[in-house]
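Undergrad: Please read through the structure below; I'll follow up with questions.
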Amino acid sequence: MVDLSAIAMWPNVPACYDWLSLDRRGDWRLQGERVTHRGLIAFINRQYGGDESGCWFLQNGPQRVFIALAYTPWVFRREGDSFVSHTGQPVGDLKAIYLDREGNILLDTELGIGLLDDRDLAGFLANCHDAKSGPADEADLLAMMYGEPQAVYWQDLPVKPIVAVDVPKRFGFQQYPRAGA
């Protein structure tokens, strides 16, 4: 839960852009350098949130530090039979699963849309199956990457093709927030 109490005390602190980003593995990057300090990571994770315009930010006291997203606002990792976000939050129920042309898996969850960490991709794909519960055919996965729907499932959910450039608009977020936008 993002703490907004400092805004009331200092309402005119300018927002910050182009300093903080989230990479495809769920690591925070400060001016391109990976953040490794555990305390800072925990602080960012606690204060991470999105606004009504689809911008994601770190609430740093009265200042919003807007975050550039390498792909989606969330990066998910497998934890046993479930998934957690890069901030450690459980994702809740899966609503849909997508495969893009680059071979990335996107999970639409109760928490929101997120990219599956590439370190979990091979295991995830190995658990995909066809309509008869046999292993998913590699040719079907490749066809799906090029936008051709196939009968591929993960558990009971179909895996659907998606075009990466359509993801921000479809799921209502801004990948690269800008001042005045």
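Undergrad: Count, please, the residues in region 87-110 that happen to be open to solvent by less than 30 Å² (accessible area, probe 1.4 Å) and farther than 30 Å from Q47 by Cβ.
TA: The qualifying residues number 2.
Undergrad: I'd like to check something: does region 111-122 contain any residue that is open to solvent by 50 Å² or more (accessible area, probe 1.4 Å), free of Cβ contacts under 8 Å to residues at least 40 places away in the same chain and on the phi > 0 side of the Ramachandran plot?
TA: no
Undergrad: In region 86-96, what residues are assigned to a strand (DSSP E or B) and either under 19 Å from G54 (Cβ atoms) or free of Cβ contacts under 8 Å to residues at least 12 places away in the same chain (or both)?
TA: The answer is K95, A96.
Undergrad: Before we move on, is W19 of a type in the set (A, V, I, L, M, F, W, C), within 24 Å of R178 (Cα to Cα) and open to solvent by 30 Å² or more (accessible area, probe 1.4 Å)?
TA: The answer is yes for W19.
Undergrad: Return the residue satisfying two criteria in turn: it lies in region 97-123 and is among the hydrophobic types (A, V, I, L, M, F, W, C) and outside any strand (DSSP E or B), and of such residues it is farthest from Q174 (Cα to Cα).
TA: So, considering only residues that are among the hydrophobic types (A, V, I, L, M, F, W, C) and outside any strand (DSSP E or B), the one farthest from Q174 (Cα to Cα) is A122.
Undergrad: Determine which member of the set E79, E110 is under 30 Å from A151 (Cβ atoms), in contact with a Lys or Arg (Cβ under 9 Å, 6 or more places away or on another chain) and acidic (D, E).
TA: E110
Undergrad: Could you tell me which numbered condition Q63 fails, if it satisfies all but one of (1) touching a helix residue (DSSP H, G or I) at 6+ places or on another chain (Cβ under 8 Å); (2) modelled with pLDDT under 95?
TA: (1)
Undergrad: Would you confirm, using the coordinates I've provided, whether P135 is touching a strand residue (DSSP E or B) at 6+ places or on another chain (Cβ under 8 Å) and free of Cβ contacts under 8 Å to residues at least 12 places away in the same chain?
TA: So P135 passes the test.
Undergrad: How many residues, within region 124-159, are open to solvent by 80 Å² or more (accessible area, probe 1.4 Å) and part of a strand (DSSP E or B)?
TA: Here the count works out to 1.
Undergrad: I'm checking my understanding of the structure. Among residues of region 160-169 that are touching a residue at least 24 places away in the same chain (Cβ under 8 Å) and open to solvent by 50 Å² or more (accessible area, probe 1.4 Å), which one is nearest to the chain's Cα centre (by Cα)?
TA: V163
Undergrad: Okay, moving on. With respect to R64, is the statement that it is closer than 28 Å to V13 by Cα and of a type outside the set (V, I, T) true?
TA: yes
The values are calculated or read from the model by the stated rules, or taken from the named source; none is laboratory data. Predicted, not measured: the structure shown is a model, and the values here were computed from it. For neighbour counting, all protein chains shown are included, and Cβ atoms are generated from backbone atoms with ideal geometry for every residue, glycine included. Side chains are part of the model used for accessible areas, which takes the heavy atoms of the whole protein and leaves out ligands, DNA and RNA. Shrake-Rupley method; radii C 1.70, N 1.55, O 1.52, S 1.80 Å.
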